[in-house]
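The values are calculated or read from the model by the stated rules, or taken from the named source; none is laboratory data. Remember, it's a predicted structure, so these values are computed and weren't measured experimentally. Counting neighbours? That spans all protein chains shown, and the Cβs are built from the backbone with ideal geometry, glycine included.
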Amino acid sequence: METNRAMMLVLAIALALPAAADDKKPGKVLPLPPGASAGTPPGLAKKPAGMPPGQLRKVYRNGEALPKDLIWITDYDKWRLPPLLPGQGYARYDGEVYRVARDTAVVLEAIGIVSDLMK
């Protein structure tokens, strides 16, 4: 009888161990790579910003210089853009509109996506 109880105890422990090692339990928090958000598939979580290659575009931030092949915007009404201070201008580059310093092409503000501004 003691042998049966000992066997049942060993069997119960053996069955409980795999459940304790389960990674998919609802309260378990897994660490995310930098730049990834929760719910990102594991293969994409290691990519920059959790996006597939080719879909990630460079969005220039304040203080960064735009490349030389930007397009200057002169018709502010067409784009529904407010007037600027002297020495500033609006530039279009890679589908984005930026407020930049005219002499250095340094980004002062990222305005938005071209398709959104043309609506």
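Within the stretch 80-96, the residues that satisfy the criterion of being within 14 Å of Gly112 (Cβ to Cβ) and not in a loop (DSSP other than H, G, I, E, B) are Tyr90, Ala91, Arg92, Tyr93, Glu96. Beta carbons closer than 7 Å, at least 6 apart along the sequence or on distinct chains, pair a first residue in the stretch 61-79 that is in contact (Cβ under 8 Å) with a residue 12 or more places away in the chain and in a loop (DSSP other than H, G, I, E, B) with a second that is aromatic (Phe, Trp, Tyr) and surrounded by 13 or more Cβ atoms within 10 Å (Cβ to Cβ) for Leu66/Tyr60; Leu66/Tyr93; Leu66/Tyr98; Pro67/Tyr93; Leu70/Tyr93.
Scanning the stretch 51-79 for residues that are touching a helix residue (DSSP H, G or I) at 6+ places or on another chain (Cβ under 8 Å) and at pLDDT below 85 yields a total of 4.
Summed over the stretch 80-107, the residues that are of a type in the set (Gly, Ala, Ser) and at pLDDT below 90 give a count of 1. Filtered by the rule that a residue be more than 16 Å from Asp77 (Cα to Cα) and not in a strand (DSSP E or B), the stretch 97-115 gives Arg102, Asp103, Thr104, Ala105.
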